[in-house]
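Below: one structure, written as structure tokens.
What follows draws every value from the coordinates through simple rules; no lab data is involved. What you see is a predicted model, and the numbers here were worked out from it, not measured in a lab. Here the Cβ positions follow ideal geometry from the backbone for every residue, glycine too, while neighbour counts run over all protein chains shown.
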Amino acid sequence: MCNYNFQITHAKVVTPKGIIANGAVTIQDGVITYVGTADGVPPEAAQLETVDAAGKYILPGFIDVHVHGGMLEDFSKPSKAGFDAITKLHASQGTTLMLATTMTMPKDVLDGVLAEVNNYMHSDMPYAQLGGVHLEGPFISPKWPGAQNPTHIVPPNKDWIEQWEEQYPGLIKQVTFAPEREGSHDLIRYLRKKGIAAAAGHTDATYEEIMSAQAVGLNHSVHMFNAMTPLHHRKPGTAGAILSTPAISAEIIADGIHVHKAAIKLLASVKTDHNLLLITDAMSAAGLGNGDYMLGDLPVVVKDNVCTLKESEGTLAGSTLTMIRGFRYLVQEVGLSIERASEAASVNPAKLLRMSHITGSIETGKQADLLMIDNDLELQQVWIKGRKFEE
């Protein structure tokens, strides 16, 4: 990527206040300095390189808070080369910021992941930026392991999180756990005190147990409808609690495989207060085709974009989804507006991560994390911190 000071003109600019027709954005030193109509661009911008959007959309870069890997690489097997491969792939698909998402693994493996991510984040990250770590497990329910290795499941352990937070302050951004398990409430209180998202997932919780956890700070849920107790009209379960509680935000894998579009439409109809998040849950097969892969330490078979555990036929194991494909699905299949889909893919994840002051929307003073897409919602260009992504 190369550094640019530039202006984008003749664009449909998607902002928190709506779409600006014939809009313009100016960027200097990687920071947005103007957002408005093309005829209102400051005179000094005339000296900047001009990108003519020719009526295409300019959106904020996508933020993926739940992604395991791609291009044969997995965050649970950390290396600089692996991180480069993962972040390059997802940058090419519109992701400008992401969380390195782990699997349910032994503590010493997680120690290594955290150390490597910390080192990587202190280097010049050339592609999509790592914003921190999402620990998906190991504090989950043995009854709902999904594609997690049940051998490594342990009860919630606040001491582990405290140790990691002391060693790497601010590195952990989200922890997924089963809130019905003993010790979860102490964990939730600590996570929220530190500004870490406390996320229900892979859980056997009842409606009442979710509501009890929410009362002490539970504020998020992973891959909605998957690996959780389902909605029943007499036993609302985890799904019912999340659907009926605005204080708990919800991730959705919008690939038409994990969740039917009617269920996504229902979720979007109740998650209207900046609490719907598009994610990929992408694993090492992302960017590749059919074949045998690994998710953490479990073998996975991919056929026609469907990822399943090799030894447990029918158990979904992550996805090959990218954020631009998920974005298109939300608009073209679910029926969300461009603005709502952009909110789910950028604004709301930034809010969850407490990074709204830096990125997630097109506003002056924020990083120039930008996308250009055409009227068919095909990705045309990506800028990360004002640098043009080039493969």
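Pick out, in residue order, every one of the chymotrypsin sites (Phe, Trp or Tyr not before Pro) in region 56-140 that is DSSP loop and has at most 10 other C-beta atoms within 10 Å; say none if there are none.
Answer by residue number: there is no such site.
If each residue of separation counts as 0.36 nm, what is the full-extension length gain between Val154 and Ser79 once their alpha-carbon separation is subtracted?
Here the segment from Val154 to Ser79 would lengthen by 24.4 nm.
Within a 10 angstrom radius of the beta carbon, how do Val109, Val347 rank from fewest other beta carbons to most?
Ranking Val109, Val347 by Cβ neighbours within 10 Å, fewest first, gives Val109, Val347.
Out of the GluC sites (Glu not before Pro) in region 295-337, which ones are loop residues according to DSSP with at most 14 other C-beta atoms within 10 Å?
When the GluC sites (Glu not before Pro) of region 295-337 are filtered for loop state and at most 14 Cβ neighbours within 10 Å, Glu311, Glu313 remain.
Give the residue from Tyr57, Phe139, Val216 lying farthest towards the positive end of the charge dipole for the chain; charges sit on Cβ (+1 for Lys and Arg, -1 for Asp and Glu) and the dipole is referred to the Cα centre.
Val216
Please report, to two decimal places, log10 I(q)/I(0) for region 200-359 at q = 0.13 Å⁻¹ as given by the Debye formula with identical point scatterers on the Cα atoms and no solvent.
Here the Debye-derived log intensity ratios amount to -0.64.
Would you kindly state how much longer the chain becomes between Asp29 and Val306 on full extension, computed as 0.36 nm times their sequence separation minus their alpha carbon distance, in nm to one decimal?
95.6 nm
Compute and list, largest first, the equivalent-ellipsoid semi-axes of region 38-129 from the alpha carbon gyration tensor, each √(5λ) rounded to a whole angstrom.
Whole-Å semi-axes of the equivalent ellipsoid: 36, 14, 11.
Pop the C-beta distance of Ala247 and Ala21 into the FRET formula with R0 = 41 Å and round what comes out to the nearest 0.05.
Once rounded, the FRET efficiency stands at 0.70.
D for the chain, whole µm²/s, Stokes-Einstein with Kirkwood Rh over alpha-carbon pairs at 20 °C and 1.002 mPa s: what number?
After rounding, the answer is 102 µm²/s.
If you scale each eigenvalue of the Cα gyration tensor by 5 and take the root, what three semi-axes come out for region 349-391, rounded to whole angstrom and sorted largest first?
Over the Cα atoms of region 349-391, the ellipsoid semi-axes are 21, 13, 9 Å.
Ignoring everything except DSSP H segments at least 4 long, calculate the 222 nm mean residue ellipticity for the chain; use -39,500 (n - 2.57) per segment, divide by total residues, nearest 500.
Mean residue ellipticity, 222 nm, calculated: -6500 deg cm²/dmol.
Sequence neighbours fewer than 8 away in the same chain don't count; with that in mind, list the lysines whose C-alpha is under 20 Å from Lys158.
In chain and number order, the partners are Lys107, Lys173, Lys193, Lys194.
Which length gain, in nm to one decimal place, applies between Asp108 and Glu390 when the Cα-Cα distance is subtracted from 0.36 nm times their residue separation?
So the extension gain works out to 97.9 nm.
Calculate the dipole size of region 153-203 relative to its Cα centre from +1 charges on Lys and Arg beta carbons and -1 charges on Asp and Glu beta carbons; express the result in debye to the nearest 20.
220
Placing unit charges on C-beta atoms (Lys and Arg positive, Asp and Glu negative, everything else neutral), compute the dipole magnitude of the chain about its Cα centre in debye, rounded to 20.
820
Once R0 is set to 41 Å, what does the formula 1/(1 + (r/R0)^6) return for the Cβ-Cβ distance between Asp52 and Glu313, expressed as a FRET efficiency to the nearest 0.05?
0.20
Pick out, from Ala81, Gln167, Gly69, the residue whose Cα sits farthest towards the positive end of the charge dipole of region 62-352, with +1 on the Cβ of Lys and Arg and -1 on the Cβ of Asp and Glu.
Most positive-ward Cα: Gly69.
Please name which of Val347, Cys307, Ala262 has its Cα lying farthest along the dipole of region 259-391 towards the positive end, using unit charges on Cβ (Lys, Arg +1; Asp, Glu -1) and the Cα centre as origin.
In region 259-391, that residue is Val347.
Please work out the Cα convex hull volume for region 180-278 and give it in Å³ per residue.
Cα-based convex hull of region 180-278, divided per residue, equals 89 Å³.
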